[in-house]
Amino acid sequence: MNRLDQYLQAATRENTRKSYASALRHYEVEWQGLLPATADNIAQYLADHAEILSINTLKQRLAALSQWHVDQGFPDPTKAPLVKQVFRGIKAVHPAQEKQAKPLQILELEQVVNYLDREIGVQQAQGNFAQEMRLKRDKSLLLLGFWRGFRGDELTRLQVENIQVSPQEGMQCFLPYSKTDRQFQGQTFQVPALARLCPVQAYTDWIEISGLTEGFVYRGIHRYGKLSDQGLHIDSLLPLLRKIFTQAQIATPESYSTHSLRRGFANWASQSGWDVKTLMQYVGWKNVNSALRYVEAANPFQGFSKNWLETKNDG
């Protein structure tokens, strides 16, 4: 790859490139669509998949097709009035409530960490070094992911050399880029040291047992405790989290996703009295709608007693 291609590739995030490539493959190979496409082609593609794919998936398919035409110098058929009208019709006929990950509540986080601590003690007593490593890695990943509200891909991209620890005080995590960092300026995230469920101590314990001095923070662990050279793949994070939740006897582990840590923190912060602006600044959200999607709405009748409602109904 020459430098020009390298810079062009760097301008688009890896996850975006993969999802766009998959979308184009679906259009060309599975649906047998032709590129370049016409507005009629795109409209028919949408109509054929309106009952199969979600609105968000259709949006992603349109974005991929749009990008391909722009990159190749062709007119963009996805912007045609026909396509826009068909898409509006699909949203009207097939309204769908956005599925959201179940937030990991603070009591559930504590339950998981207590389980991990017990297992760490067991494995230490048995001299099972590799399993002790896995447990300490998992504990660090969970606590840092929760208290910093990190996305799954941000956790998997953390580098040891970009983290500075001040014992008993906190730590700083630098990410060269993130989903909301469109200018690739990088961002430093502060992480507090806590009396309980401390992400700083958990990270320190993981680094100490792993011996890592550079590279990916969270990695696969092979037999006998040998570390992988690569970080955990984003696709392996969800099965790992659900496995941990299952072992810790968290109810309905299948309802959690990699966003559950982020949503759990957002709900904890909201219930603890944080205003939306403070939450946005801490997590790194750029607009209020993004933040509100992660915070569960309060019960509007929470302040009323059951007896009050019954009295009103009786009248």
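Values computed for the structure shown
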quantity	calculated
Extended-chain gain in nm, criterion 0.36 nm per residue less alpha-carbon gap, His94 and Leu107	1.0 nm
Ordering of 224-233, 76-85, 262-271, 62-71 by packing [mean C-beta count within 10 Å, highest first]	262-271, 62-71, 76-85, 224-233
Cβ-based exposure ranking for Cys173, Cys198, in which fewest neighbours within 10 Å come first	Cys198, Cys173
Computed E for Glu30/Ser228 - FRET, C-beta separation, R0 35 angstrom, nearest 0.05	0.55
Unsatisfied cross-links (Cα-Cα over 23 Å) in the set Lys18/Lys102; Lys18/Lys139; Lys136/Lys226; Lys59/Lys84; Lys18/Lys136; Lys18/Lys84	Lys18/Lys102; Lys18/Lys139; Lys18/Lys136; Lys18/Lys84
Extended-chain gain in nm, criterion 0.36 nm per residue less alpha-carbon gap, Glu169 and Glu214	14.0 nm
Mean projected area in nm² (Cα convex hull; one quarter of hull surface) for the chain	22.8 nm²
Cleavage-rule hits (trypsin sites (Lys or Arg not before Pro)) in segment 12-60: DSSP loop, at most 16 neighbouring Cβ within 10 angstrom	Arg13
Mean ellipticity per residue at 222 nm, deg cm²/dmol - from DSSP H runs of n ≥ 4 across the chain, formula -39500 (n - 2.57)	-17000 deg cm²/dmol
Ranked Asp117, Asp235, criterion: other C-beta atoms within 10 Å, fewest first	Asp235, Asp117
Selection of GluC sites (Glu not before Pro), segment 97-140, meeting DSSP coil and at most 15 other Cβ within 10 Å	Glu98
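Values in this text are rule-based calculations from the coordinates and carry no lab data. Everything quoted here is computed from the prediction, not taken from an experiment. Backbone-built Cβ (ideal geometry, glycine too); neighbour counts: all protein chains shown.
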